[in-house]
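Just below is one structure, and these are the notes that go with it.
Please treat every number below as a calculation from the coordinates, not as lab data. Computed from a prediction, not measured in an experiment: that's the story for all the values here. Cβ sites come from the backbone with ideal geometry, for glycine too, and all protein chains shown count toward neighbours.
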Amino acid sequence: MGLNLEDKKAVVAEVSEKLVNAQTVVVAEYAGIEVGDITALRAKARQSGVYLRVLKNTLVRRAVAETQFAPLAAEMTGPLIYGISEDPVAAAKVLNEFAKTNDKLKLKAGVYAGKLLDKAGVQALASIPSREELLAKLLGVMQAPVSGFACALAALAKQREEAAA
């Protein structure tokens, strides 16, 4: 059953709202994927903060018009699933990881920072560590000198205790 005009306007408004804060949009062809696999992909996307949805291409074209994602309109053909994320790498990472385990999902294109990415560009974007991974690495680097200093203090205190005894 097709969407009526009000439903179409609601979809365009919803997608436009997601695009306002988005940094990345990735599209992939999903034909032939089983329902259980799509459900697992959606769950992973939710965990990663990615808006993932199968949408009518004509409605998404309207939503991306006059945004930084407008270059993607030329790639919107066929049955597509759209991944939209505020995190620059989350959408690419979720869809790329799923495509590695399910050959029916085919990455098609994406847009990051107003630049159109082909399949290889999306895969390259997906290989960048996420913000959380980078923050964890930075925290580890910052903690190393502090923990080393604490160990040195503990060893010095032990040494002075032994010398005093």
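Observations on the structure shown:
- Among the lysines of the stretch 5-128, pairs at least eight places apart or on separate chains and with Cα atoms under 19 Å apart come to 24.
- With the helix formula -39500 (n - 2.57) applied to DSSP H stretches of n ≥ 4, the chain reaches a computed 222 nm mean residue ellipticity of -18500 deg cm²/dmol.
- Residue order, fewest to most surrounding Cβ atoms within 10 angstrom, among Met142, Met76: Met142, Met76
- Dipole size of the stretch 1-66 about its Cα centre, with +1 on Lys/Arg Cβ and -1 on Asp/Glu Cβ: approximately 80 debye, rounded to the nearest 20.
- Dipole of the chain, positive end: most advanced residue of Ser130, Ala144, Ala31 [Cβ charges, Cα centre]: Ala31
- Under 5 Å from the amide H of Thr24 lie the amide H atoms of Ser85, each residue being 5 or more positions distant or on a separate chain, with H modelled from the backbone and absent for Pro and chain starts.
- The fewest-to-most ranking of Val64, Val50 by surrounding Cβ atoms within 10 Å reads Val64, Val50.
- Packing, taken as the mean count of other beta carbons within 10 Å per residue, orders the peptides 109-119, 12-22, 151-161 from highest to lowest as 109-119, 12-22, 151-161.
- Cβ crowding within 10 Å, taken as a proxy for footprinting-reagent exposure, orders Arg53, Arg131 from fewest neighbours to most as Arg131, Arg53.
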